[in-house]
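K.L.:
Quick one: the structure is below, questions incoming.
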Amino acid sequence: MPHPLYAAIEQLKEDFPGKSYSWIKRALLRLGDVKEIRDDLYLVEGRRELGDWKPLYQVWFSQREGRWYCTCYFSTFGMRRRRDICTHVAAVMLFRRYKRALEKLQRRRVYVAEAEVECRGRLTANGELYVKPIGRRDLAFFANPRYRVFVISDVRRIVIKCGSYDVVEAEGEEVPLATAKFLAERFYES
Ligand SMILES: [Zn+2]
């Protein structure tokens with residue numbers, strides 16, 4: 001699964017195929033400057049190094065015209081300065097896509113299981129496998145190697161193999177992906 005930000009950037013590139021890498025990069029640099037007021041209204045902080053001449057830009061969606069606007073499209077006299085899409089709007093689009101992708105990722109559910117296994121061969125599982133040896137790595141360990149394992153899987157029925165043999169078959173516990181990742185980190189710390 002691609003990183004949610006990477007996916008959001010790819011989508012922006014697809015929607016604006018004529019835009020240069022530096023345009024995408026400017027939108028990306030502004031990502032942290034975007035503040036959501038409403039679903040169709042945003043504030044974007046100005047950045048001098050990106051050629052901004054105002055401390056704050058307003059970006060909004062016009063339902064009537066079906067397009068995004070930015071205060072940088074207008075001069076003090078209300079005239080439209082440009083018709084092209086600016087990187088303030090691009091940053092808002094990126095922000096919205098990134099936020100949506102993150103929400104989707106947070107909703108994603110996976111299954112986890114933890115077990116103790118004895119194995120002299122190679123351990124594998126039908127998911128992400130985390131392994132740590134139990135006890136000191138002395139002669140007794142090498143004669144009888146035991147491991148604590150943790151698995152994150154997309155399927156409920158988790159199977160751990162030692163070589164070509166199933167050594168564990170367990171019903172995974174359903175958790176959000178973020179919880180599973182947290183448990184995996186803790187698994188190595190404890
Ligand atoms: Zn703008």
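The values are calculated or read from the model by the stated rules, or taken from the named source; none is laboratory data. Everything quoted here is computed from the prediction, not taken from an experiment. Ideal geometry is used to build each Cβ from the backbone, glycine not excepted, and the neighbour counts take in all protein chains shown. Protein only, heavy atoms only, side chains kept; ligands, DNA and RNA dropped before computing areas. Shrake-Rupley method; radii C 1.70, N 1.55, O 1.52, S 1.80 Å.
K.L.:
Sort out which residues of the stretch 135-166 are closer than 12 Å to Cys119 by Cα and open to solvent by less than 60 Å² (accessible area, probe 1.4 Å), and write them in order of number.
P.N.:
Listed by number, the residues that qualify are Phe141, Ala143, Pro145, Tyr147, Val149, Ile160, Cys162, Gly163.
K.L.:
Given (1) open to solvent by 40 Å² or more (accessible area, probe 1.4 Å); (2) in a strand (DSSP E or B); (3) over 30 Å from Ala178 (Cα atoms), identify the lone condition not met by Val59.
P.N.:
Every condition holds for Val59 apart from (1).
K.L.:
Something else about it: Is one or more of the residues making up the stretch 96-108 more than 30 Å from Trp60 (Cβ to Cβ) and surrounded by fewer than 19 Cβ atoms within 10 Å (Cβ to Cβ)?
P.N.:
yes
K.L.:
Quickly run through the stretch 35-56 and pick out the residues that are open to solvent by 60 Å² or more (accessible area, probe 1.4 Å) and either more than 14 Å from the ligand (Cβ to nearest atom) or in a loop (DSSP other than H, G, I, E, B) (or both).
P.N.:
Selection gives Lys35, Glu36, Ile37, Arg38, Asp39, Arg47, Arg48, Glu49, Trp53, Lys54, Pro55.
K.L.:
I'd like to check something: does the stretch 171-185 contain any residue that is in contact (Cβ under 8 Å) with a residue 40 or more places away in the chain and either in contact with a Gly (Cβ under 9 Å, 6 or more places away or on another chain) or in a loop (DSSP other than H, G, I, E, B) (or both)?
P.N.:
Yes, because at least one residue in the stretch 171-185 is in contact (Cβ under 8 Å) with a residue 40 or more places away in the chain and either in contact with a Gly (Cβ under 9 Å, 6 or more places away or on another chain) or in a loop (DSSP other than H, G, I, E, B) (or both).
K.L.:
Then there is this: Please work out which one of (1) surrounded by 16 or more Cβ atoms within 10 Å (Cβ to Cβ); (2) more than 16 Å from the ligand (Cβ to nearest atom) is the condition Ile24 fails and give its number.
P.N.:
Here Ile24 meets the rest and fails (2).
Yes/no per residue for (1) over 30 Å from Asp33 (Cα atoms); (2) touching a residue at least 24 places away in the same chain (Cβ under 8 Å); (3) among the β-branched types (Val, Ile, Thr):
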| site | (1), (2), (3) |
| --- | --- |
| Ser62 | no, no, no |
| Tyr73 | no, no, no |
| Leu102 | no, yes, no |
| Asn126 | yes, yes, no |
| Leu129 | yes, yes, no |
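K.L.:
Another question about this same structure. Could you tell me how many of the residues in the stretch 24-76 are in contact with a helix residue (DSSP H, G or I) (Cβ under 6 Å, 6 or more places away or on another chain) and small (Gly, Ala, Ser)?
P.N.:
Residues in the stretch 24-76 being in contact with a helix residue (DSSP H, G or I) (Cβ under 6 Å, 6 or more places away or on another chain) and small (Gly, Ala, Ser): 1 in total.
K.L.:
From Lys25, Lys99, Lys104, which residue is in a helix (DSSP H, G or I) and modelled with pLDDT under 90?
P.N.:
Going through Lys25, Lys99, Lys104 in turn, just one is in a helix (DSSP H, G or I) and modelled with pLDDT under 90: Lys104.
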